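The values are calculated or read from the model by the stated rules, or taken from the named source; none is laboratory data. The shown structure was predicted, so the numbers you read here are calculated from the model rather than taken from an experiment. All Cβ positions, glycine included, derive from the backbone under ideal geometry; neighbour counts span all protein chains shown. Each accessible area value is taken on the protein alone, full model and side chains, heavy atoms only, with ligands, DNA and RNA left out. Shrake-Rupley method; radii C 1.70, N 1.55, O 1.52, S 1.80 Å.
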Amino acid sequence: MVTRLSLLKELSALIADDVLVVSSIGNNSGFWGQLKDREANLFHVTMGMCTSTALGLALALPNRKVLALDADGNLTLNLGVLGTVANEAPKNLTIVLMDNRNYLGSNKKEPGMPTATAGKMNLEEVAKGCGIAGACTVEEVAGFRAEVHKALSTDGPHFIRARIEALDNDRPPRNKRVPDPRENKYQFAGYIQKTEGVEILGSGLGGG
Ligand SMILES: [Mg+2]
């Protein structure tokens, strides 16, 4: 089995600058912010909302590739989103699920409380059952690289479940400041305004 960091390093080499990456709260965001400092990142998306937020972006911006960097605890809180992903079927959406089978274990020496995926739940099969036919599971770097490359170069929606180590024992050096959620939200919206030619933030309190 592989570590989250080894897969995120691989992802950082595969992702084009303009792909919107929506990452879940926790080490998905903390590590990604150290590995890939860029304007197209929305960090710290809270429990249940990572894939949902990415889905909204993919539907609103159909010509833009969007990648959700989700996690087992986060996704299982709002599992119904997979049915909506399948029914809406955005071609530009890829979901990468970091499945470490526990909550909050990534900052500890022992795994946290197990999620349902530590038991009988298989999120690849759930995604398939929801209608995401190409859902797959990877457990090593080469397979992850191949599936992400395929997802970013073919029509989606794509769902890649990565079975990773329960604990994040390898970590990137912390030499970049990952913005807090409020600051990052405005940065990210400003980036979309600039690159898509749409108005999101309006003119602020000055009116008009
Ligand atoms: Mg987890």
Counting only strands (runs of 3 or more DSSP E) wholly inside the range 79-198, the ones holding at least 1 residues that are among the basic types (K, R) are 158-163
In the range 139-163, which residues are within 16 Å of the ligand (Cβ to nearest atom) and closer than 27 Å to N63 by Cα? I160, R161, A162
Just to be sure I understand, how many residues within the range 20-70 are open to solvent by 20 Å² or more (accessible area, probe 1.4 Å) and within 16 Å of the ligand (Cβ to nearest atom)? 7
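Taking G73 as the residue in question, decide whether it is open to solvent by less than 20 Å² (accessible area, probe 1.4 Å) and under 23 Å from R177 (Cα atoms).
no
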Does G207 fit the bill of being more than 22 Å from L67 (Cβ to Cβ) and either modelled with pLDDT of 95 or more or not aromatic (F, W, Y) (or both)? yes
Tally time: how many residues in the range 79-119 are closer than 20 Å to T137 by Cα, away from the ligand (no atom under 16 Å from the Cβ) and open to solvent by 60 Å² or more (accessible area, probe 1.4 Å)? 1
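Out of the range 163-208, which residues are of a type in the set (A, V, I, L, M, F, W, C), touching a Lys or Arg at 6+ places or on another chain (Cβ under 8 Å) and closer than 19 Å to Q34 by Cβ?
I164, L167
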In the range 85-114, the residues that are of a type in the set (S, T, Y) and modelled with pLDDT of 95 or more: T94
Check E10, E39 and return the single one that is acidic (D, E) and over 18 Å from I192 (Cβ atoms). E10
Could you grab the pairs with beta carbons closer than 7 Å, sequence gap of 6+ or different chains, first residue in the range 64-88 and in contact (Cβ under 8 Å) with a residue 60 or more places away in the chain, second one surrounded by fewer than 24 Cβ atoms within 10 Å (Cβ to Cβ) and polar (S, T, N, Q)? R64/N92; K65/N92
